[in-house]
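S.K.: Sharing a structure here in structure tokens format.
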Amino acid sequence: MRKGCVSVLLKYFYDEKLAQASYMVGCQATGEAIVIDPARDIAPYVEAAKREGVRIVAATETHIHADFVSGARELAVTQGVKLYLSGEGDDKWRQQYVDGIDSQWVHDKDRFKIGNIAFEVLHTPGHTPESLSFLVSDCGGGIDRDAMGIFSGDFVFVGDVGRPDLLEKAVGVKGSSDAAARQMYASVQRFKTLPDHLQLWPGHGAGSACGKALGAIPSSTVGYEKRFNWAMEDMTEDAFVSALLAGQPEPPRYFAQMKKMNVEGAELLGSLTLPRRLDKGEIAELIAQGAQLLDTRPAATFRASHLPGTLNIAYNKSFVTWAGWLLDYDRSLYVIAPEEQMADILRDLHAIGVDRVEGTAPLEVVAHDTVGSLESYEEISPSDAKMMIESGQARLVDVRNNAEWEEGYIEGAQHVMLGKLMDHLESIPTDKPVVVQCQSGARSSIAASILQKHGVKRVINLAGGYSRWSKEGLPVTKGQEVHA
């Protein structure tokens, strides 16, 4: 009888805010381990390796990531690990920081080993030109066993496949979406030839912008995906391309920044300047200068009382997404947050490359005797909002995404997706109060802080958003052309 994969150690790491999965695979026989798609903060891998009695000797990436800063360089420089990086695709999409680092470019059908664990490289382009997947086999006892699973990165997810339009939409490579979608079709056909028993370990879960219909289950099997993943259905290449490109969400603005940082190599975390603690006088001066101030309190708390000119992005599961959309990477950032959350907030900002955090301030600064007068904005019910809008007393701005807008909207609303709001401020008249609305009231709270920061004198949030408006039976419209 052939023994199973007794020497393989598999550890799963998941960042809920980024919906990003990474893995540590260790050989228990030799005590060696590799990290796959490491996040920038490598401490969890180092700590897990110590607990499990293995040492990290290598790291690899399935592709150049667009949604978070890779920790591959951090591991290579600070831990001395070897990097296995994709040599496929265009030279433009290869890591440029490898001089002086122990590294190896790998290609389709290459094979390397970590202890007794073998990794076979599959070139699976579509999401990006250089995308790789890795078949994993246990070769303990000198037996070269069949593969036990596949690390699919952003190629195949649970219930979906990676979007092919990021280079075009986020990085500006015109005309690349169709060609990438056709590459994805070919990669899917190859995937369908793999054995059903293989475990599938994807790079993202539900909530990631790297796909449009990702499942919430952290892992799957090749056989299950062949049966239930829409992309595995029998269809022509043209039909697949149309289905894949349709309805993809707008990629967050920061994706282009991440591609650049992951190609060039992000700064090591230990080299970043620690933010200074701001005093009352500095806060007042920063407000007067129009500095980039971020308040991470819950929307209701912020709405009641906040410093003038501050942007409000509540520290929750959506924090990094909207921080990446709305923060200016080229300007210094100052963060107002509870002291006990500050370290986590800084870690999450660093995860998406927001490194210019110059100062932090505790919540005590949001007090009347700190900087003088504070600001607030209103929140009203759908029925009250309807009266104001229909009587011409207020304008309505809808900050939902395009797919939500197409499903239905409130008559007379001006549509500007939240992530693009700062680019369209001049299109929003300020001669009347502005009621701002999203699906539930959360994103519109962020929008309210933006509008108030940029001079709209009376901003009003629609409580419960479009969902509550609809549930109360107020009129909605469908079918209008999508706006900005």
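Each reported figure results from applying straightforward, stated rules to the coordinates on display, with no laboratory input. Nothing here was measured: the structure is a model prediction, and the numbers come from that model. Here the Cβ is made from the backbone with ideal geometry for all residues, glycine too, and neighbour counts use every protein chain on show.
S.K.: From the phi angles alone, apply the Karplus equation (6.51, -1.76, 1.60; θ = phi - 60°) to segment 102-118 and give each ³J(HN,Hα) in whole Hz, x where the residue is Gly or Pro.
M.R.: 5, 8, 9, 7, 10, 10, 3, 6, 5, 9, 9, 10, 10, x, 9, 9, 9
S.K.: Here are several values of Rg/Rh (Cα atoms, Kirkwood Rh): [x] 1.29; [y] 1.01; [z] 1.21. Which one was derived from the coordinates shown?
M.R.: This structure yields the entry labelled [y].
S.K.: Which links in LYS226/LYS259; LYS169/LYS478; LYS169/LYS259; LYS169/LYS420 stretch past 19 Å when you go from one Cα to the other? Walk me through the numbers before you get to the answer.
M.R.: Working: LYS226/LYS259 31 Å; LYS169/LYS478 26 Å; LYS169/LYS259 12 Å; LYS169/LYS420 14 Å.
Beyond 19 Å: LYS226/LYS259; LYS169/LYS478.
S.K.: Next question. Relative contact order for the chain: what is it in percent, counting Cα pairs under 8 Å that are at least 6 residues apart?
M.R.: On the way: 1031 pairs, mean separation 54.1, N = 484.
Result for the chain is 11 percent.
S.K.: Follow-up question, since we're still on this one. Go through 390-399, 106-115, 162-171 and give me the packing order, highest mean Cβ count within 10 Å leading. Please report the intermediate quantities before stating the final value.
M.R.: Numbers: 390-399: 18.1, 106-115: 16.0, 162-171: 22.8.
Highest mean packing first, the order is 162-171, 390-399, 106-115.
S.K.: What ranking of THR310, THR193, THR221, THR60 emerges when the number of other C-beta atoms within 10 Å of each C-beta is taken as an exposure proxy, fewest first? Walk me through the numbers before you get to the answer.
M.R.: Values: THR310 23, THR193 8, THR221 17, THR60 28.
Exposure proxy ranking, most exposed first: THR193, THR221, THR310, THR60.
S.K.: Next question, about the same structure. If I fit a long axis through the Cα atoms of helix 342-351 and take the longest principal axis of the Cα atoms of the chain, what angle between them do I get, 0 to 90°, rounded to 10?
M.R.: 60 degrees
S.K.: Convert each backbone phi in segment 47-55 into a coupling constant with the Karplus relation 6.51 cos²θ - 1.76 cosθ + 1.60 (shift: θ = phi - 60°), then list the ³J(HN,Hα) values in order as whole Hz, x for Gly and Pro.
M.R.: Per residue, the Karplus-derived 3J(HN,Hα) values read 5, 5, 4, 5, 4, 8, x, 10, 10 Hz.
S.K.: Express in % the proportion of alpha carbon pairs of segment 1-105 at distances exceeding 24 Å. Present the calculation step by step, with values, prior to reporting the outcome.
M.R.: Numbers: 1365 of 5460 pairs.
Considering segment 1-105, 25 percent of its Cα-Cα pairs are separated by more than 24 Å.
S.K.: Using Cα atoms only, what is the angle between the long axis of helix 176-191 and the major principal axis of the chain, expressed in degrees (0 to 90) to the nearest 10?
M.R.: Around 40 degrees separate the two axes.
S.K.: How many percent of DSSP beta bridges within segment 8-264 run antiparallel, rounded to 5?
M.R.: Values: 33 of 49 bridges.
Here the antiparallel bridges make up roughly 65 percent for segment 8-264.
S.K.: Using Cα centres only, tell me the gap between segment 12-66 and segment 402-425 in whole Å.
M.R.: Distance between centres, Cα-based: 40 Å.
S.K.: So what does log10 I(q)/I(0) come out to for segment 8-264 at q = 0.12, 0.16, 0.17 Å⁻¹, using the Debye formula with one equal point on every Cα and no solvent?
M.R.: With no solvent term, the Cα-only Debye profile gives -0.65, -1.20, -1.37.
S.K.: What is the distance in Å between the Cα centres of segment 147-189 and segment 442-460?
M.R.: That distance is 37 Å.
S.K.: Next question, about the same structure. List every residue whose amide H lies under 5 Å from the amide H of ILE114, counting only residues 5 or more places away in sequence or on a different chain, with H placed 1.01 Å from N in the peptide plane.
M.R.: Close amide H contacts, sequence-distant or interchain: PHE119.
S.K.: Name the shape class, rounded, prolate or oblate, that the alpha-carbon gyration tensor gives for segment 259-407, where a ≥ b ≥ c are the square roots of its eigenvalues, rounded holds for a/c under 1.5, and otherwise prolate holds if a/b is larger than b/c and oblate otherwise.
M.R.: Oblate.
S.K.: Take the alpha carbon atoms of segment 68-95, find their center, do the same for segment 251-273, and report the distance between the two centers in whole angstrom.
M.R.: Cα centroid to Cα centroid, the span is 13 Å.
S.K.: Something else: Answer rounded, prolate or oblate for segment 181-318, using the Cα gyration tensor with square roots of eigenvalues a ≥ b ≥ c: rounded when a/c is under 1.5, else prolate when a/b is larger than b/c, else oblate.
M.R.: Prolate.
S.K.: For the chain, give the share of DSSP beta bridges that are antiparallel, in percent and rounded to the nearest 5; count only bridges with both residues there. Show your work: numbers first, answer last.
M.R.: Working: 35 of 76 bridges.
Of all bridge pairs located within the chain, approximately 45 percent are antiparallel.
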